[in-house]
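Trainee: Before we start, here is the structure in question, set down as structure tokens.
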Amino acid sequence: DSLYNTLKQIKTAKVAKGYGKNGDGKRAMIRVVMYYWTSNHARIARELVRIKKLGADVEVAIKEDSTNDKIVSLLKKNNIPLYDTATKGRYAHGKVTVISAKVGKSNRNLTFSGSVNLTAAAFNSNTEVLVEQRGAKYRDDGVAFFNHVVKYSKKLK
């Protein structure tokens, strides 16, 4: 689980210039768009909460009725802005995670995208693809995708 292993390595919200939201160097930034998220991958939600508590800028867009209730509650309870992509009979099916943070000892701009839902089947039974792209261009493209999805989503209270 390369996403989980990457998140585990984030120990600070501090980042250098060229990293964080728009490369502003202010604080680590994570954006997640996920279609289907079950309790099998609650540890990723717990990592997002931990990183948010460090001071990072974390936001998540989900299809609420395809996301485990405990994960939704955990993210809401910890004040992570959460958006439901299922509106007007449409929803986001893309799976993208953007991380602009100090990962281990190095500042990184990482974008993970592909077909992988955060489910046991995706990791244990299915043939899925997950691509890790590095660089500010991919960060910016991933954030633009997130912003587009959120534009048509409903903020969850």
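Trainee: Counting only DSSP beta bridges with both residues in segment 18-125, tell me the antiparallel percent, nearest 5.
Mentor: 60
Trainee: Continuing with the same structure: How much accessible surface does Thr97 have with a 1.4 Å probe, in Å² rounded to 10?
Mentor: 10
Trainee: If you don't mind, another one. Can you check what the net charge comes to around Asp141, using other residues whose Cβ is under 15 Å from the Cβ of Asp141 (Lys, Arg +1; Asp, Glu -1)?
Mentor: So the environment of Asp141 carries a net charge of +4.
Trainee: Using Cα pairs under 8 angstrom and six or more residues apart, how large is the relative contact order of the chain, in percent?
Mentor: 27
Trainee: May I ask which of Lys8/Lys70; Lys26/Lys157; Lys88/Lys157; Lys105/Lys151 have a Cα-Cα span longer than 29 Å here?
Mentor: Listed pairs above 29 Å: Lys105/Lys151.
Trainee: Can I ask one more? If I model a spin label as a point 7 Å beyond the Cα along the Cα-Cβ vector, how far apart are those points for Arg50 and Lys26 in nm?
Mentor: 2.6
Trainee: If you average 1/r across every pair of different Cα atoms in segment 63-113 and take the reciprocal, what Kirkwood value do you get, in Å?
Mentor: About 13.2 Å, per the Kirkwood formula over Cα pairs.
Trainee: If you don't mind, there's one more thing I want to ask. Ignoring ligands, DNA and RNA, what percent of the 1.4 Å accessible area of the chain is carbon and sulfur?
Mentor: Of all accessible area on the chain, carbon and sulfur atoms account for 47 percent.
Trainee: Does segment 21-95 come out rounded, prolate or oblate by the C-alpha gyration tensor, with a ≥ b ≥ c the root eigenvalues, rounded set by a/c under 1.5 and, if not, prolate when a/b is larger than b/c and oblate if not?
Mentor: Because a/c hits 1.5 or more and a/b fails to exceed b/c, segment 21-95 counts as oblate.
Trainee: Then there is this: Could you let me know the centre-to-centre spacing of segment 3-18 and segment 46-66, using Cα atoms, in angstrom?
Mentor: 13
Trainee: Once you have a ≥ b ≥ c as the square roots of the Cα gyration tensor eigenvalues for the chain, tell me rounded if a/c is under 1.5, and otherwise prolate or oblate according to whether a/b is larger than b/c.
Mentor: Verdict is rounded for the chain.
Trainee: Hey, can you grab everything whose amide H is under 5 Å from the amide H of Arg108? Only 5+ residues off in sequence or another chain; H modelled, so Pro and N-termini drop out.
Mentor: The answer is Ala101, Lys102, Val103.
Trainee: Ordering Glu59, Glu132 by accessible area with a probe of 1.4 Å, largest first, what comes out?
Mentor: The residues order as Glu132, Glu59, largest area first.
Trainee: If you don't mind, another one. So, for segment 12-67, what is the accessible surface per residue at a probe of 1.4 Å, expressed in square angstrom?
Mentor: That works out to 43 Å² per residue.
Trainee: Under 1.5 on a/c is rounded, so check that first for segment 4-43, then, if it is not, pick prolate when a/b is larger than b/c and oblate when it is not; a ≥ b ≥ c are the square roots of the alpha carbon gyration tensor eigenvalues.
Mentor: Taking the square roots of the gyration eigenvalues as a ≥ b ≥ c, segment 4-43 is oblate.
Trainee: Another one. Computed FRET efficiency, Cβ-Cβ of Lys151 and Lys105, R0 41 Å: what is it to the nearest 0.05?
Mentor: Once the sixth-power term is evaluated, E becomes 0.70.
Trainee: Related question: Around Lys95, which amide H atoms from residues at least 5 apart in sequence, or from another chain, sit under 5 Å from its own amide H, with H modelled in the peptide plane?
Mentor: Residues meeting the amide H criterion: Gly114.
The values are calculated or read from the model by the stated rules, or taken from the named source; none is laboratory data. Please read these numbers as outputs of a predicted model, since none were measured by experiment. With ideal geometry, Cβ positions are generated from the backbone for all residues, glycine too; neighbour counts draw on all protein chains shown. In case anyone asks, the SASA skips ligands and DNA or RNA and just uses the protein heavy atoms, side chains included. Shrake-Rupley method; radii C 1.70, N 1.55, O 1.52, S 1.80 Å.
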